[in-house]
Amino acid sequence: MKKFLKTLIKILKWIGIVLLGIIIIALIVRFIGQRINNKTPDGGINETMYVDINGTKQWINIYGQDKDNPVLLFLHGGPGAATSHTAYVLTRKWSDVYTVVTWDQRNAGKSYSADQNSTELTYDLMMQDGVEMTEFLRKYLGKKKITLLGHSWGSFYGSNLVLAHPEYYDCYIGAAQVVDMDLNEQAFAQAATKWVGNDAEGKELLAKLDDPDEHDFAKLMLMKKYGYAGDQDKHDYNEIGAMFFNPYYSLSDYVKSMRIDFSVYQRFITGGEFDKFSLVGRTDYEVPYYNINGGCDYQVCFEVAQEYFDEVNAPRKKLYLMEDTRHLVIGKTKQFSEIVHEIAKTERQYSDE
């Protein structure tokens, strides 16, 4: 028995040594990768900071290859679904034509804090945040106007900012554009009815769409069952690798981001304040208007965005439809980047005239 215990202890000791070695090697590799990813481009900018916004500290990263390029503020989705853990992989593909600002909105990602988590979200609060961040960037980067690119909730948010303050923006790009939540859910129910047909299991899920407590889960299950869920799109980058080599995230940052109480956002979405962002009947834009939507996006129902696009009045507008793509259009970084570059080229042509 003693011999067995000695052998077991020896084996466990060696296992511990091997595991410790693996951890040390992984941390060294991560350290090197982070340093490489944190380099500032020659003639460019790579700055990370917390900005005083509307009584809170909110995190941004500014990255670009040429300081003279126009500035683009990227508005993440959710609300509350910050993308800063992987966003640098996405946004750096645009950094040759834009100085890109990644912003973790109020109480999201690296902007999370206990005091923000206890503050109820309102239309006015979020709009003031957006205005103050815009004003800061215009002053800090010496630009009269900036471009907005919003994904999902960010497109809902961005549209409202551009409509309310066209004097601050030179262009608007909506990705997976949200128009109105009621219209969205009506369109989803119609589409899902066609998918289901006579499928008994599908019919059970359809029936649950009318139950407020079951709606969100039933919608997700319907999209998964019939192939329209956002996570069924294949990203063209490794998300785990992006997180591992993220130059802006410490391990404690990842732990902190897990503390967020998403009930704050749920109350915002289901309450009347969120409905104030509706774009119904608000179609007159004073800046160029672009949409990049997924042709299989039923999270926000791309048909609703297309119908709204047709009604939009803007100095110029264009809709891009990414075929066989669901809600996470930004996840197909190469194709998405090509579209952003085309938009940047168009806008530069007009600014040079």
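The values are calculated or read from the model by the stated rules, or taken from the named source; none is laboratory data. Since the model is a prediction, treat every value here as computed from it, not as a measurement. A quick note on method: Cβ atoms are made from the backbone with ideal geometry, for glycine too, and the neighbour counts reach across all protein chains shown. Remember, those area values only see protein heavy atoms, side chains included, never the ligands or the DNA or RNA. Shrake-Rupley method; radii C 1.70, N 1.55, O 1.52, S 1.80 Å.
Note on the chain: GNM, Cα springs under 10 Å; of Val131, Val255, Val304, the largest mean-square fluctuation is that of Val255.
Atom-type composition of the exposed protein surface of the stretch 222-265 places 60 percent of the accessible area on carbon and sulfur (1.4 angstrom probe). Under 1.5 on a/c is rounded, so check that first for the stretch 267-317, then, if it is not, pick prolate when a/b is larger than b/c and oblate when it is not; a ≥ b ≥ c are the square roots of the alpha carbon gyration tensor eigenvalues. It is oblate, given that a/c is not under 1.5 and a/b is not larger than b/c. GNM remark for the chain: springs join alpha carbons under 10 Å apart, and the peak mean-square fluctuation among Gln299, Gln116, Gln190 falls on Gln190.
Going 7 Å from the Cα of Asp182 in the Cα-to-Cβ direction, what parts of the stretch 276-320 have a backbone nitrogen less than 15 Å from that spot? Answer for the stretch 276-320: 276-282. Taking the convex hull of the alpha carbon positions in the stretch 20-94 and averaging its projected area over all directions gives 7.2 nm². To put it simply, the accessible area of the stretch 143-194 at a 1.4 Å probe is 52 percent carbon and sulfur.
With every protein chain in place and a 1.4 angstrom probe, the accessible-area ranking of Arg259, Arg316, largest first, reads Arg259, Arg316.
The length gained on full extension between Ile11 and Arg316, counted as 0.36 nm times the residue separation minus their Cα-Cα distance, comes to 102.8 nm. For the stretch 200-353, the dipole from Cβ point charges (+1 on Lys and Arg, -1 on Asp and Glu) about the Cα centre works out to 380 debye, to the nearest 20. Using heavy atoms of the protein chains and a probe of 1.4 Å, the accessible area assigned to Arg35 is about 120 Å².
Straight-line reach from Lys194: taking Cα to Cα under 20 Å and skipping same-chain neighbours fewer than 8 places apart, the lysines in range are Lys203, Lys208, Lys219, Lys224, Lys225. In this structure, the pairs whose alpha-carbon distance is over 22 Å, taken from Lys144/Lys345; Lys67/Lys93; Lys13/Lys256; Lys93/Lys332; Lys145/Lys345, are Lys13/Lys256.
The label-point distance for His341 and Glu204, in a model that sets each label 7 Å from Cα toward Cβ, rounds to 4.9 nm.
For Asp261 and Asp66, the FRET efficiency from 1/(1 + (r/R0)^6), where r spans their Cβ atoms and R0 equals 56 Å, is about 0.90.
Extension gain for Tyr254 to Glu323 (0.36 nm times residue separation, less C-alpha to C-alpha distance): 21.5 nm. Counting only aspartates and glutamates at least 8 places from Lys139 when in the same chain, those with an alpha carbon closer than 19 Å to its own are Glu47, Asp52, Asp66, Asp68, Asp129, Glu167, Asp170. For Leu125, neighbours were defined as the other residues whose beta-carbon sits under 10 Å from its Cβ, and their charges (Lys and Arg +1, Asp and Glu -1) total -3.
According to the square roots a ≥ b ≥ c of the eigenvalues of the Cα gyration tensor, what is the shape class of the chain, taking rounded for a/c under 1.5, prolate for a/b larger than b/c otherwise, and oblate for the remainder? In terms of gyration-tensor shape, oblate.
With both residues required to sit in the chain, DSSP beta bridges show an antiparallel share near 35%. Estimated from helical segments only, the mean residue ellipticity of the chain at 222 nm is -15000 deg cm²/dmol, where each DSSP H run of four or more residues counts as -39500 (n - 2.57). Looking at the stretch 130-248, the accessible area is 46 square angstrom per residue; that uses a 1.4 Å probe and ignores ligands, DNA and RNA. The residues of the stretch 25-121 present an accessible area of 38 Å² per residue when probed at 1.4 Å with all protein chains retained. Spacing of the modelled spin labels on Thr119 and Ile240, each 7 Å from Cα toward Cβ, amounts to 3.7 nm.
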